[in-house]
Amino acid sequence: MKKSFAFSIVAILIAGCGGGGAEVSPVQNGLEFDKFGSGVSGTITFRSSVIGDETQRYQITDIKANGCNGDASFPLNPFTLTETDPQQEIPISISFPDGCITDKITLYYNAFGIDGTPFAQSKTIINPDYNPSGVSTLRDDDPLFEYQWHLKNTGQRVGVVYPATPGEDINVVPVWDEGITGEGVTVAVIDEGVDMYHPDLKPNILTNLSYNYHNGTKNPTPKRTVLADDGGGYYDFPHGTAVAGLIAAKGWNGIGSRGVAPNANLISLNALEVYADEAQDLYNKNEIPELLDEKGLRAYRVYDALVRNLEYTDIYNNSWGYGGPYPDYLNFDNQLLYGVANGRDGKGAIYVKSAGNSRTLGSFDNFDNIQTNGYFIVVGASDADGVFSWYSTPGSNQLVNAPGGSSSAYYLKPVEHMVVTTDMAGKDRGYDSEIPKETSVNHFSVMGNENYDYTQSMNGTSAAAPIVSGVVGLMLEANPNLTWRDVQIILARTATKNDPSNPSWFTNAAGLHVSN
């Protein structure tokens with residue numbers, strides 16, 4: 001299944017200073033970006049306005065795609081434009097063997113002067129899919145902030161049957177009022193890839209440190225994966241984009257939602273994305289030590305991601321639950337120990353982890369040795385009424401809980417609140433889409449989401465963990481000298497009881513309130 005979009009270029013490309021500098025300009029053409037990440041193909045037509053005996057010579061020298069590795073195909077021979085032959089159509093093709101979605105390509109070419117001297121020229125061509133439009137800028141605020149009950153709960157009820165309970169939020173607004181917004185703190189999102197072009201995320205994403213495990217590029221924007229067993233549907237991998245927005249959607253920019261740490265930096269590491277037959281292909285290329293199943297390949301990549309960019313990363317967010325069984329050679333205890341011993345100049349990287357969503361399935365998450373590792377801040381979820389979410393895995397391994405919302409079937413009107421955050425940009429991708437598909441939910445139809453760039457339907461401990469990561473980002477801006485142990489004890493001593501009348505609460509020997 002393929003959707004491509006043609007566009008036109010209006011540009012003036014000058015021959016240079018060698019004399020005879022007639023203008024040449026690409027005209028409307030059939031160049032297309034493939035939305036599934038297979039490449040860019042089509043034609044570019046050069047047209048010149050030479051007069052009489054004048055001639056102009058050009059030669060395309062290279063084509064580069066931003067953030068994608070690819071093989072470019074185009075004619076290598078120079079071409080000449082004359083008065084009688086003023087136009088040349090050049091076929092162009094760039095293939096991305098591993099799938100990669102780019103926001104632009106750059107066309108490099110030489111324009112030869114009269115004396116034959118080449119003058120290097122270039123033209124950047126924008127992918128129209130990543131030229132966001134249709135998002136309302138209403139004021140110097142974020143128009144969807146008023147629906148983000150986890151940040152400020154005023155009893156919101158837009159889009160749901162039952163209203164939230166006022167005051168059940170993370171009490172972050174007074175921190176922002178003090179000027180603490182996560183500035184200078186970097187959070188790595190170990191997840192599915194993040195939409196690197198989302199208008200509310202792009203300002204905070206560190207492209208040079210992000211990584212795509214499929215193809216080794218610095219652009220982990222998810223490509224669509226066609227599902228063979230559902231009659232031609234597809235999956236977008238929108239989870240990482242929603243997680244990233246909860247941490248650090250840009251604040252006070254007049255569009256969309258707001259993250260807990262709106263000025264923090266984001267790194268996208270798409271370790272949780274695995275394609276069908278990908279492990280077999282990697283094994284055949286000798287890029288993994290043994291043939292792994294889907295879980296094994298995820299674990300292999302997560303293991304790497306936990307210390308990737310360690311010298312630049314303060315917090316690693318892990319919005320995933322039970323991930324085992326793990327290959328024997330992956331010693332996660334040692335990997336995490338390395339991170340807390342060497343990260344942040346010896347103060348320790350901060351690892352935040354979802355508790356899992358298996359309360360009704362026997363809570364098997366707690367039998368995973370990763371979930372009980374003390375270097376992780378394990379996070380459960382509560383709903384918009386301050387009660388533990390029905391799905392949230394219980395257990396003594398959890399340090400805190402945070403808003404994760406309730407849940408409902410995506411084809412029904414939501415009964416209770418989930419959380420509002422960023423979604424894959426555009427009307428035909430992600431959770432909030434006008435095209436029915438695997439991940440589709442009903443459209444969050446409010447002013448400020450005209451372009452379907454946001455969703456009200458993120459939930460789970462996957463949502464609770466990034467909210468805590470954002471909180472830790474605020475803590476580290478306020479005091480960069482905190483160690484990883486300091487962060488844990490501050491969270492434990494400052495957290496309030498959710499559902500305080502629940503009889504499971506007790507006070508431990510350290511004077512801290514505890515409930516399994």
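FYI, it's all coordinate maths here, none of it is from the lab. All of these numbers come straight from a predicted model, not from anything done at the bench. We place every Cβ from the backbone using ideal geometry, glycine too, and count neighbours over all the protein chains shown.
Would you work out the relative contact order for the stretch 261-362, in percent, from Cα pairs under 8 angstrom that are 6 or more residues apart? Relative contact order of the stretch 261-362: 26 percent. Helix 461-478 and the long axis of the chain differ in direction by around 90°, with both axes built from C-alpha atoms. Placing unit charges on each Cβ (+1 for Lys and Arg, -1 for Asp and Glu) gives the chain a dipole about its Cα centre, and among 242, 516, 349 the Cα reaching farthest toward its positive end belongs to 516.
Please give the FRET efficiency for residue 95 paired with residue 154, using the beta carbon to beta carbon distance and R0 = 51 Å, rounded to the nearest 0.05. Don't skip to the end; give the middle numbers.
On the way: r = 51 Å, r/R0 = 1.00.
It comes to 0.50.
Extension gain, residue 369 to residue 345: 0.36 nm times the residue separation minus the Cα-Cα distance gives 5.9 nm. Anything over 20 Å Cα to Cα? Flag those among 202/223; 123/218; 295/347; 218/347, in the order listed. Result: 123/218; 295/347; 218/347 exceed 20 Å. Once both axes come from the Cα atoms, what is the angle between helix 484-494 and the longest principal axis of the chain, in degrees from 0 to 90, rounded to 10? Orientation of helix 484-494: about 50 degrees from the principal axis.
Compare the Cα positions of 196, 158, 147 along the charge dipole of the stretch 135-227 (+1 at Cβ of Lys, Arg; -1 at Cβ of Asp, Glu; about the Cα centre) and return the one farthest towards the positive end. Sorting the options by dipole projection puts first 196.
Taking 7 Å steps out from each Cα toward its Cβ at residue 208 and residue 330 produces label points 3.0 nm apart.
When the Cα gyration tensor is reduced to axis lengths a ≥ b ≥ c, the ratio a/c is 1.5 or higher for the stretch 218-336, and with a/b not above b/c it is classed as oblate. Each Lys or Arg adds one and each Asp or Glu subtracts one; over the other residues with Cβ under 11 Å from the Cβ of residue 401, this totals -1. Taking amide H as placed 1.01 Å from N in the peptide plane, residue 93 has its amide H under 5 Å from the amide H of 73, each at least 5 places away in sequence or on another chain. Angle of helix 239-248 to the longest C-alpha principal axis of the chain, folded into 0 to 90 degrees and rounded to 10: 80°. The charge dipole of the chain, taken about its Cα centre with unit charges on the Cβ atoms of Lys, Arg (+1), Asp and Glu (-1) only, comes to about 680 debye. In this simple spin-label model, placing a label point 7 Å from the Cα along the Cα-to-Cβ direction at both residue 253 and residue 146 gives a separation of 2.2 nm.
Each other residue within a Cβ distance under 13 Å of residue 500 adds +1 if Lys or Arg and -1 if Asp or Glu, for a net charge of -2.
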